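Asks: Take a look at this one; I'll ask things after.
The values are calculated or read from the model by the stated rules, or taken from the named source; none is laboratory data. The structure displayed is predicted, hence computed values, not measured ones. As a convention, Cβ positions derive from the backbone with ideal geometry for all residues, glycine included, and neighbour counts pool all protein chains shown. In case anyone asks, the SASA skips ligands and DNA or RNA and just uses the protein heavy atoms, side chains included. Shrake-Rupley method; radii C 1.70, N 1.55, O 1.52, S 1.80 Å.
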Amino acid sequence: LKIFDKIYCIDALSSEHNKFWEYLGSDSKKVISYFKVEDFSLDFIDDNSLDYVFSYDTFCHISLTGTEAYLESLSKKCKDGADILIMYADPKKYLKSEPENRAHLIAYLPEKKPEYEFDDNLLIDDALSDSDSEPLEPRWYWLGEEKFLEISKKYNLKVVNRDLNIDKTNPITLLQKQ
(Lines give C-alpha, C1' and ligand atoms only; values in the text may rest on other atoms or scores of the structure.)
Protein backbone atom coordinates (compact mmCIF):
# COMPACT_ATOMS: atom_id res chain seq x y z
CA LEU A 1 0.00 0.00 0.00
CA LYS A 2 2.96 2.33 0.52
CA ILE A 3 4.53 1.59 -2.87
CA PHE A 4 1.58 2.27 -5.19
CA ASP A 5 -0.73 5.27 -5.48
CA LYS A 6 -3.58 3.16 -6.79
CA ILE A 7 -4.24 -0.59 -6.77
CA TYR A 8 -7.04 -2.36 -8.63
CA CYS A 9 -8.22 -5.65 -7.20
CA ILE A 10 -10.27 -7.61 -9.70
CA ASP A 11 -12.20 -10.73 -8.74
CA ALA A 12 -15.11 -12.85 -9.93
CA LEU A 13 -16.37 -12.87 -6.33
CA SER A 14 -17.59 -9.94 -4.28
CA SER A 15 -15.45 -8.32 -1.61
CA GLU A 16 -18.11 -9.36 0.94
CA HIS A 17 -17.91 -12.99 -0.15
CA ASN A 18 -14.17 -13.25 0.43
CA LYS A 19 -14.09 -10.76 3.35
CA PHE A 20 -11.60 -8.65 1.45
CA TRP A 21 -11.96 -5.43 3.46
CA GLU A 22 -12.11 -7.31 6.76
CA TYR A 23 -8.78 -8.89 5.91
CA LEU A 24 -7.03 -5.71 4.72
CA GLY A 25 -8.80 -3.12 6.85
CA SER A 26 -10.83 -0.14 5.76
CA ASP A 27 -7.77 2.16 5.56
CA SER A 28 -6.67 0.23 2.48
CA LYS A 29 -9.71 1.67 0.63
CA LYS A 30 -7.66 4.88 0.20
CA VAL A 31 -5.40 3.04 -2.26
CA ILE A 32 -7.31 -0.07 -3.36
CA SER A 33 -10.35 -0.15 -5.63
CA TYR A 34 -12.15 -3.51 -5.66
CA PHE A 35 -14.10 -4.65 -8.71
CA LYS A 36 -16.28 -7.72 -9.03
CA VAL A 37 -16.25 -8.56 -12.73
CA GLU A 38 -18.49 -10.56 -15.04
CA ASP A 39 -16.23 -10.46 -18.12
CA PHE A 40 -12.67 -9.71 -19.20
CA SER A 41 -13.18 -6.21 -20.63
CA LEU A 42 -11.67 -4.20 -17.73
CA ASP A 43 -13.79 -1.24 -18.88
CA PHE A 44 -13.36 0.50 -15.52
CA ILE A 45 -9.60 0.94 -16.11
CA ASP A 46 -8.29 3.63 -18.46
CA ASP A 47 -6.30 2.50 -21.48
CA ASN A 48 -2.49 2.86 -21.12
CA SER A 49 -2.74 3.42 -17.38
CA LEU A 50 -1.32 0.32 -15.66
CA ASP A 51 2.36 0.13 -14.68
CA TYR A 52 2.27 -3.33 -13.14
CA VAL A 53 -0.01 -6.38 -13.15
CA PHE A 54 0.18 -9.37 -10.83
CA SER A 55 -2.19 -12.30 -11.26
CA TYR A 56 -1.99 -15.48 -9.23
CA ASP A 57 -4.50 -18.32 -9.16
CA THR A 58 -6.74 -16.64 -11.75
CA PHE A 59 -5.68 -17.67 -15.26
CA CYS A 60 -5.66 -21.33 -14.21
CA HIS A 61 -9.46 -20.97 -13.93
CA ILE A 62 -9.90 -19.26 -17.31
CA SER A 63 -10.46 -21.06 -20.61
CA LEU A 64 -8.38 -20.49 -23.72
CA THR A 65 -11.01 -18.12 -25.15
CA GLY A 66 -11.20 -16.22 -21.85
CA THR A 67 -7.42 -16.01 -21.61
CA GLU A 68 -7.25 -14.46 -25.07
CA ALA A 69 -9.92 -11.89 -24.15
CA TYR A 70 -8.25 -11.07 -20.82
CA LEU A 71 -4.75 -10.68 -22.30
CA GLU A 72 -6.13 -8.48 -25.07
CA SER A 73 -7.78 -6.22 -22.47
CA LEU A 74 -4.67 -6.17 -20.26
CA SER A 75 -2.54 -5.19 -23.23
CA LYS A 76 -4.79 -2.18 -23.89
CA LYS A 77 -4.81 -1.14 -20.23
CA CYS A 78 -1.04 -1.38 -19.68
CA LYS A 79 1.44 1.38 -20.42
CA ASP A 80 4.35 0.52 -22.69
CA GLY A 81 7.01 -1.09 -20.51
CA ALA A 82 4.53 -2.29 -17.87
CA ASP A 83 5.59 -5.48 -16.10
CA ILE A 84 3.02 -8.27 -16.00
CA LEU A 85 3.37 -11.39 -13.84
CA ILE A 86 0.84 -14.14 -14.52
CA MET A 87 0.48 -17.64 -13.09
CA TYR A 88 -1.41 -20.23 -15.16
CA ALA A 89 -1.70 -24.01 -15.31
CA ASP A 90 0.69 -26.20 -17.29
CA PRO A 91 0.17 -29.99 -17.14
CA LYS A 92 3.81 -30.77 -17.97
CA LYS A 93 5.16 -28.76 -15.04
CA TYR A 94 2.44 -30.05 -12.74
CA LEU A 95 3.13 -33.72 -13.52
CA LYS A 96 6.87 -33.20 -13.31
CA SER A 97 6.61 -31.64 -9.84
CA GLU A 98 3.81 -33.80 -8.43
CA PRO A 99 3.50 -37.08 -10.36
CA GLU A 100 1.78 -38.64 -7.36
CA ASN A 101 -1.10 -36.16 -7.76
CA ARG A 102 -2.05 -36.95 -11.37
CA ALA A 103 -5.62 -37.55 -10.15
CA HIS A 104 -5.96 -33.77 -9.68
CA LEU A 105 -5.14 -33.22 -13.35
CA ILE A 106 -7.41 -36.06 -14.49
CA ALA A 107 -10.33 -34.79 -12.37
CA TYR A 108 -10.88 -31.86 -14.72
CA LEU A 109 -10.96 -33.87 -17.92
CA PRO A 110 -14.37 -34.88 -19.31
CA GLU A 111 -13.32 -38.46 -20.00
CA LYS A 112 -11.40 -40.46 -17.39
CA LYS A 113 -9.22 -42.91 -19.34
CA PRO A 114 -7.58 -45.85 -17.54
CA GLU A 115 -4.46 -45.48 -19.69
CA TYR A 116 -3.72 -42.12 -18.00
CA GLU A 117 -2.27 -44.16 -15.17
CA PHE A 118 0.54 -45.30 -17.45
CA ASP A 119 0.81 -42.67 -20.18
CA ASP A 120 1.77 -39.14 -19.11
CA ASN A 121 2.01 -37.94 -22.70
CA LEU A 122 -1.60 -38.91 -23.42
CA LEU A 123 -2.72 -37.24 -20.20
CA ILE A 124 -0.82 -34.03 -21.03
CA ASP A 125 -2.13 -33.96 -24.63
CA ASP A 126 -5.73 -34.45 -23.48
CA ALA A 127 -5.38 -31.79 -20.76
CA LEU A 128 -3.98 -29.29 -23.26
CA SER A 129 -6.68 -30.06 -25.84
CA ASP A 130 -9.38 -29.52 -23.19
CA SER A 131 -8.33 -25.91 -22.49
CA ASP A 132 -11.47 -24.44 -24.03
CA SER A 133 -14.19 -26.86 -22.96
CA GLU A 134 -17.28 -26.13 -20.91
CA PRO A 135 -16.62 -24.89 -17.39
CA LEU A 136 -17.06 -27.21 -14.45
CA GLU A 137 -17.10 -26.08 -10.83
CA PRO A 138 -14.40 -25.64 -9.69
CA ARG A 139 -12.48 -25.70 -12.94
CA TRP A 140 -8.82 -25.67 -13.89
CA TYR A 141 -7.85 -25.10 -17.48
CA TRP A 142 -4.49 -26.64 -18.32
CA LEU A 143 -3.54 -24.04 -20.93
CA GLY A 144 0.16 -24.92 -21.01
CA GLU A 145 3.22 -22.74 -21.28
CA GLU A 146 3.56 -22.79 -25.07
CA LYS A 147 -0.05 -21.74 -25.74
CA PHE A 148 0.10 -19.02 -23.06
CA LEU A 149 3.30 -17.56 -24.53
CA GLU A 150 1.86 -17.69 -28.06
CA ILE A 151 -1.24 -15.74 -26.97
CA SER A 152 0.86 -13.22 -25.02
CA LYS A 153 2.97 -12.38 -28.06
CA LYS A 154 -0.20 -11.91 -30.12
CA TYR A 155 -1.13 -8.94 -27.87
CA ASN A 156 2.27 -7.17 -27.84
CA LEU A 157 3.37 -8.74 -24.58
CA LYS A 158 7.07 -9.56 -24.68
CA VAL A 159 8.16 -12.64 -22.76
CA VAL A 160 10.87 -11.52 -20.34
CA ASN A 161 11.01 -14.76 -18.35
CA ARG A 162 9.07 -17.89 -19.36
CA ASP A 163 8.86 -19.13 -15.78
CA LEU A 164 10.28 -17.51 -12.66
CA ASN A 165 10.23 -20.97 -11.00
CA ILE A 166 8.88 -19.64 -7.73
CA ASP A 167 5.87 -21.98 -7.87
CA LYS A 168 6.75 -25.66 -8.11
CA THR A 169 3.55 -26.73 -9.88
CA ASN A 170 2.61 -23.80 -12.13
CA PRO A 171 4.53 -21.40 -14.36
CA ILE A 172 4.65 -17.74 -13.42
CA THR A 173 5.61 -15.80 -16.53
CA LEU A 174 7.03 -12.28 -16.55
CA LEU A 175 5.77 -10.29 -19.53
CA GLN A 176 6.34 -6.70 -20.57
CA LYS A 177 3.99 -4.56 -22.64
CA GLN A 178 5.65 -3.37 -25.85
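Asks: Measuring with a 1.4 Å probe in the full set of protein chains, what accessible area per residue, in whole Å², belongs to the chain?
Replies: 58 Å²
Asks: Quick one: Cα centre-to-centre distance for region 7-28 and region 108-148, in angstrom?
Replies: Cα centroid of region 7-28 versus Cα centroid of region 108-148: 32 Å apart.
Asks: Using a 1.4 angstrom probe on the protein heavy atoms only, could you order TYR23, TYR8, TYR108 from most to least accessible area?
Replies: Most to least solvent-accessible, the answer reads TYR23, TYR8, TYR108.
Asks: Ok, one more. Which value, to two decimals, describes the C-alpha radius of gyration of the chain once divided by 2.2 N^0.38 Å?
Replies: For the chain, the normalised Cα radius of gyration comes out at 1.10.
Asks: By accessible area of protein heavy atoms, probe 1.4 Å, what ranking do ILE84, ILE10 get, highest first?
Replies: ILE10, ILE84
Asks: Let me ask you something else. Compare LYS36, LYS96 by solvent-accessible area with a 1.4 Å probe and give them largest first, with all protein chains kept in place.
Replies: The residues order as LYS96, LYS36, largest area first.
Asks: Note down the relative contact order for the chain as a percent, whole number, built from C-alpha pairs under 8 angstrom at least six residues apart.
Replies: 23 percent
Asks: Another question, if that's okay. Taking LYS2 as the anchor, which lysines have their alpha carbon closer than 30 Å to its alpha carbon, excluding any fewer than eight residues away along the same chain?
Replies: Within the straight-line cut-off, LYS2 pairs with LYS19, LYS29, LYS30, LYS36, LYS76, LYS77, LYS79, LYS158, LYS168, LYS177.
Asks: Go ahead and estimate [θ] at 222 nm for the chain from helices alone: -39,500 (n - 2.57) per DSSP H run with n ≥ 4, summed, over the residue count, rounded to 500.
Replies: -8000 deg cm²/dmol
Asks: OK, next. Within 10 Å, at most 16 other Cβ atoms, and a DSSP state outside H, G, I, E, B define an exposed site. Report the longest part of the chain free of exposed GluC sites (Glu not before Pro).
Replies: Longest run free of exposed loop sites: 39-110.
Asks: What percentage of all Cα-Cα pairs in region 41-93 are separated by more than 19 Å?
Replies: Cα-Cα pairs in region 41-93 separated by more than 19 Å: 27 percent.
Asks: How large is the translational diffusion coefficient of region 76-178 in µm² per second when you combine the Kirkwood radius over alpha carbon pairs with Stokes-Einstein at 37 °C and 0.692 mPa s?
Replies: Using the Kirkwood radius from Cα pairs, D works out to 224 µm²/s.
Asks: Sticking with this structure for a sec: Above 19 angstrom, tally the Cα pairs of region 1-89 and express them as a % of all pairs, no decimals.
Replies: Value for region 1-89: 42 percent of Cα pairs lie more than 19 Å apart.
Asks: Leaving ligands, DNA and RNA out of it, work out the accessible area of ARG162 with a 1.4 Å probe and give it in Å² to the nearest 10.
Replies: Solvent-accessible area, nearest 10 Å²: 100 Å².
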